[in-house]
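Inspection log for the structure reproduced underneath, given as structure tokens.
The values are calculated or read from the model by the stated rules, or taken from the named source; none is laboratory data. None of the values given here were measured: they were computed from a predicted structure. Using ideal geometry, Cβ is built from the backbone for each residue, glycine included, and neighbour counts are taken over all protein chains shown.
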Amino acid sequence: MHKRVPTYRNHKASGQAIVEINGRHFYLGKYDSPESHEAYRRKIAAYLSQQELDDTPLPSLRIDRLILKYFKFAKTYYVRNGKQTEEIVALRIALKRLRKMYGSTEAAKFGPKAFKTFRESMIQEGLSRKYINDTTGRIKRMFKWGVAEELIPPAVFQALTAVPGLRKGRSGAKETEKILPVPDDVVDATLPFLTEVVADMVRLQRLAGMRPAEVCILRPSDIDRSGEVWTYVPQWHKTEHADKERLIPLGPKCQEILQKYLDRNPDDYCFRPCDSERQRRAERHANRQTPLQYGNRPGTSVTTLPKRTAGEKYNTASYRRAIQRACDKAFPHPTLLKKRTLELTAQECNELQEWRSEHRWAPNRLRHSAATEIRRKFGLEAAQVVLGHSAANVTQIYAEKDFALAVRVAREVG
């Protein structure tokens, strides 16, 4: 639907040209003068492109006002397939942190010292170095946008770029543990406690080295089955914005897993929570001990308007939670699970939380496992191609070096 273009009019009382946009009146100069027509065209162009209409400089723009303007822009920029990306969530948290400390400060007066004070507050909170660098990077992008929109002086952003990111071992920020491949025996111990759908997602991701999001959005229409090795082309992927192509080869083992999910509408997702829920209910019914003539019959205890229903697609969060719930069942605490949650003391709750944290694994670690195996068998370049990395140094982050190879070289060479 096209916007109605506001008209260029004559304000008879003052003799000036005027245009009304979103309830605001803008005076453009002497009516029918070339300057007024130029000003009118600028206002209309800004209106149609949803830019700031006010041309007056804003030297005293406060940071909270800058945050509002930038976040309004971000909600239209960080969009994929008509939906906002997860970047919006992280950006909202980062901007909220800044507003709490410096919301009333003039944006033009926010310099490197204030920026480092903001960063130091996150260090004192015990946040990780990587998280802090990501957050400060988002703040810098906001000021860069403010300069591009002529809302703040260029010198503000230039000064902030002089503040480097935190370096490993050179700050008081907490370091996160390195993400390691998940051992196959741990995965095998977890699989029996997953639904059939999620278990197949895990098996497929481990074999193909996909990202968690890529296995979640898999559809029959995305798979080219014309060759001996199928090719999966995700409808979107992580590096799509950089104009990178992502092709995922699917060999015989992957094809065997996928066969039972392909006989459906080509645009339906292969792995669906509603299918998992249906299988869970069927399994509970099969294990029912109470005779059917007693108790609730199948379908009689269903909530008419449930608050939540199983959806048509897993996302990375629901996929991760399904795996973590299975981990809690596969690796139970030796003593504390015998107690009810309400009976646990604060110390026991912390102990149980630490136990679960140590024995849980996330689906992104499956990609590291696949990368390590491919690198060991076929070399770094092969791992780079399969994982879809444009640079080999990125692949090395995922593929753990095979120390056994170094031991063999040392044994033979000396």
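Taking the criterion of being closer than 25 Å to K72 by Cβ and either exposed (fewer than 15 other Cβ atoms within 10 Å of the Cβ) or modelled with pLDDT under 80 (or both), the residues of the range 1-20 that qualify are M1, H2, K3, R4, V5, E20. Counting only residues that are small (G, A, S) and within 21 Å of the chain's Cα centre (by Cα), the range 311-341 holds 4 of them.
With respect to the stated conditions, K83 fails to be closer than 30 Å to R141 by Cα, modelled with pLDDT under 90 and crowded, with 17+ Cβ neighbours inside 10 Å.
What number of residues within the range 1-16 satisfy the criterion of being more than 16 Å from A46 (Cβ to Cβ) and not hydroxyl-bearing (S, T, Y)? Matching residues across the range 1-16 total 9. Taking the residues in the range 192-215 that are of a type outside the set (A, V, I, L, M, F, W, C) and assigned to a loop (DSSP other than H, G, I, E, B) as candidates, determine which candidate is nearest to R325 (Cα to Cα). For the range 192-215, the residue satisfying everything is T195.
Residues that are closer than 16 Å to L66 by Cα and of a type in the set (F, W, Y) were ranked within the range 108-167; the one that is surrounded by the most Cβ atoms within 10 Å (Cβ to Cβ) is F143. At least 2 residues being within 30 Å of A330 (Cα to Cα) and free of Cβ contacts under 8 Å to residues at least 12 places away in the same chain is the threshold, and among the helices (runs of 4 or more DSSP H) wholly inside the range 127-191 those reaching it are 184-190.
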